[in-house]
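*Asks:* Before anything else, here's the structure in question.
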Amino acid sequence: MADIIDLPDTTRRDGGGGTSRAVVVASAVTALGGLLFGYDTGVVSGALLFLQKSFGHLSAFDRELVTSLLLVGAAVGALGAGRLADRIGRRTTVILTAAVFVVGVLAAALSPVFPFLVATRFVIGVAVGSASMVVPMYIGEVAPPRYRGALVSFNQLAITSGILVSYLVDYGLSSSQNWRLMFGLAAIPAALLGAGMLTQSESPQWLVAQGRDGEARDVLARLRRPEEVEREIEVLDRNTKAAEEELGSRALLAPKLRGLLTVGVLMAVFQQVTGINTVIYYAPTLLSNAGFGSSSALLANVVNGGVNVGMTIVAIWLLDRVGRRVLLLSGTSGMVVGLTTVGLTFLIGGDHLHGGGAVVAIAGLLVYTGSFAVGLGPVFWLMISEIYPSNVRASAMSIATIANWAANFAVTVSFLTLLNAITNAGTFFLFAGLTVVALAYFAVRVPETKGRTLGDVEERGAKAAGRAA
Ligand code: BGC
């Protein structure tokens, strides 16, 4: 068990807050940000096929640019959103993010020339990066501890659903080759996110940090059982005061937080370097190169997207029952099995698969995606919303989120080159090896946070770090 946060097991099956309709609505509205994250990262794979119709020949580099500039924008968005969320509040940051989404996707849909489209992908990326950190942060702060795992992971469910919807939209619009509509449709959930968020309250934690306890009490009165409100305000107040001398990002460098920051950043990097987006973005390419017809490659891709959504639902069901660590460790082990299976299939059958080999490779990919979806997918975003004290939460989440997008970018741009350099089998064995390293790290360093209030996590984390220092 991690010694960074030594959290005793105080899980209360009967306590820790009842969930009210208001909390579920707040989480569902905010999770539209996750839907846009998934949709905008997924939609480009199909849209790419039709851009030439409007812009003439596009080189491989042009295609890489339009795909991966979103990831660069996302790192920038995650940086900006961390600062904004502290300064103007979580809710207002989500509303601004929704506005950037609307502008970005409509501009993409109307692009007159290719460089304009590339620029809009950067803008959409800024919104995606901002949503990717502020959505789990906001839900984590409004959710009662007993259901926090499930509610924060609504976001991951929305991400995976967004990816699946984008595949289906791409497939549905492929006969009309209407790439503009593929991009533009995202304006609908973006407008709903902005409008929906206008009806929601600000995060109680942020309000307490601003000294606005009265408003925080009103918000908590809607989100918690009556007897829980005062205790939560007290803990939040105490934590805010304790943290007052070490405000802002400077506090992150204090020894007691450095360990937690390392956990967030390494989980972020491991979530990406274990290869998930090579499958999410390139599965059709990989499968058609391996000898599949394009329609069976697309079908396998949709099945993979379905498994991703389905296993995320299983995670949501289990996270607050069995805890984060069990899912993280078993899911990551499953990823090793899936990746090794795919690697072995390519090793034995060569880069072109037929019959049984093809079936085993697809089964391996599905095991891999399903295992990611039940563990590392949701648990990374959940953990970074839980383990940081409120005064540095936004800065710390923003650093972990930037690390996630930067690692995503590095893997995405190098994947096709890697396949050429070390073959399909070599690439999958490399991912499998990195996943074994990730598993060992998670086993030793990642704490259990199930069932505790964020205030409790914060207090116990500070005590444990104090003891270790
Ligand atoms: C990751 C994304 C990935 C998605 C796939 C998320 O948790 O951060 O990079 O595309 O899961 O489901």
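The values are calculated or read from the model by the stated rules, or taken from the named source; none is laboratory data. Worth saying up front: this structure is predicted, and the values here are computed from it rather than measured. So basically every Cβ, Gly included, is an ideal-geometry build from the backbone, and we count neighbours across all protein chains shown.
*Asks:* Given the criteria under 18 Å from the mean Cα position of the chain (by Cα), in a helix (DSSP H, G or I) and surrounded by fewer than 24 Cβ atoms within 10 Å (Cβ to Cβ), does ALA406 qualify?
*Replies:* yes
*Asks:* Moving to a separate point now. Among the listed residues LEU261, LEU257, LEU287, which satisfies the condition of being in contact with an Asp or Glu (Cβ under 9 Å, 6 or more places away or on another chain), away from the ligand (no atom under 16 Å from the Cβ) and assigned to a helix (DSSP H, G or I)?
*Replies:* LEU257
*Asks:* Just name the residue that is farthest from the ligand (Cβ to nearest atom) out of those in region 383-406 that are touching a Ser or Thr at 6+ places or on another chain (Cβ under 6 Å) and modelled with pLDDT under 95.
*Replies:* In this case the residue turns out to be SER395.
*Asks:* Taking the condition away from the ligand (no atom under 16 Å from the Cβ), part of a helix (DSSP H, G or I), over 26 Å from PHE37 (Cβ atoms) and not charged (D, E, K, R), does GLY451 pass?
*Replies:* It is false that GLY451 is away from the ligand (no atom under 16 Å from the Cβ), part of a helix (DSSP H, G or I), over 26 Å from PHE37 (Cβ atoms) and not charged (D, E, K, R).
*Asks:* Now, a different point. Could you check region 152-240 for helices (runs of 4 or more DSSP H) lying wholly inside it with 1 or more residues that are aromatic (Phe, Trp, Tyr) and at pLDDT 95 or above?
*Replies:* Those helices (runs of 4 or more DSSP H) span 179-184.
*Asks:* Of the residues in region 40-57, how many are closer than 23 Å to SER288 by Cβ and within 13 Å of the ligand (Cβ to nearest atom)?
*Replies:* Total satisfying the criteria: 5.
*Asks:* May I ask you to say which residue of LEU253, LEU220 is within 24 Å of MET383 (Cα to Cα) and touching a Pro at 6+ places or on another chain (Cβ under 6 Å)?
*Replies:* Residue meeting the stated conditions: LEU220.
*Asks:* Further question: Pairs please, first residue from region 171-183 and within 19 Å of VAL66 (Cα to Cα), second anywhere and at pLDDT 90 or above and hydroxyl-bearing (Ser, Thr, Tyr), Cβ atoms under 9 Å, 6+ apart in sequence or on different chains.
*Replies:* TRP179/SER54; ARG180/SER54; ARG180/SER111; MET182/SER166; PHE183/SER111; PHE183/THR120
*Asks:* Which residue is nearest to SER398 (Cα to Cα), if the candidates are limited to region 94-134 and must be away from the ligand (no atom under 16 Å from the Cβ) and hydroxyl-bearing (Ser, Thr, Tyr)?
*Replies:* THR97
*Asks:* Filter region 24-65 for residues that are over 17 Å from the mean Cα position of the chain (by Cα) and outside any helix (DSSP H, G or I); which is surrounded by the most Cβ atoms within 10 Å (Cβ to Cβ)?
*Replies:* Of everything passing the filter in region 24-65, LEU58 is surrounded by the most Cβ atoms within 10 Å (Cβ to Cβ).
*Asks:* Separate question: Are any of the residues in region 354-373 closer than 30 Å to VAL235 by Cβ and not acidic (Asp, Glu)?
*Replies:* no
*Asks:* Something else: In region 162-180, how many are closer than 20 Å to PHE114 by Cα and either of a type in the set (Phe, Trp, Tyr) or touching a helix residue (DSSP H, G or I) at 6+ places or on another chain (Cβ under 6 Å) (or both)?
*Replies:* Counting residues in region 162-180 that are closer than 20 Å to PHE114 by Cα and either of a type in the set (Phe, Trp, Tyr) or touching a helix residue (DSSP H, G or I) at 6+ places or on another chain (Cβ under 6 Å) (or both) gives 4.
*Asks:* Follow-up question, since we're still on this one. Name the pairs: first residue in region 336-349 and more than 16 Å from LEU419 (Cα to Cα), second residue part of a helix (DSSP H, G or I) and among the β-branched types (Val, Ile, Thr), Cβ to Cβ under 8 Å, at least 6 apart or on different chains?
*Replies:* VAL336/THR435; VAL336/VAL436; VAL337/VAL367; GLY338/VAL367; GLY338/THR369; THR341/VAL360; THR341/VAL367
*Asks:* Taking the criterion of being within 30 Å of GLY343 (Cα to Cα) and of a type in the set (S, T, N, Q), would at least one residue in region 381-388 satisfy it?
*Replies:* Looking through region 381-388, none of the residues is within 30 Å of GLY343 (Cα to Cα) and of a type in the set (S, T, N, Q).
*Asks:* So the check is Cβ under 6 Å with 6+ separation or different chains; which pairs have a first residue in region 366-384 that's part of a helix (DSSP H, G or I) and a second one that's charged (D, E, K, R) and away from the ligand (no atom under 11 Å from the Cβ)?
*Replies:* Filtered contacts from region 366-384: VAL379/ARG324.
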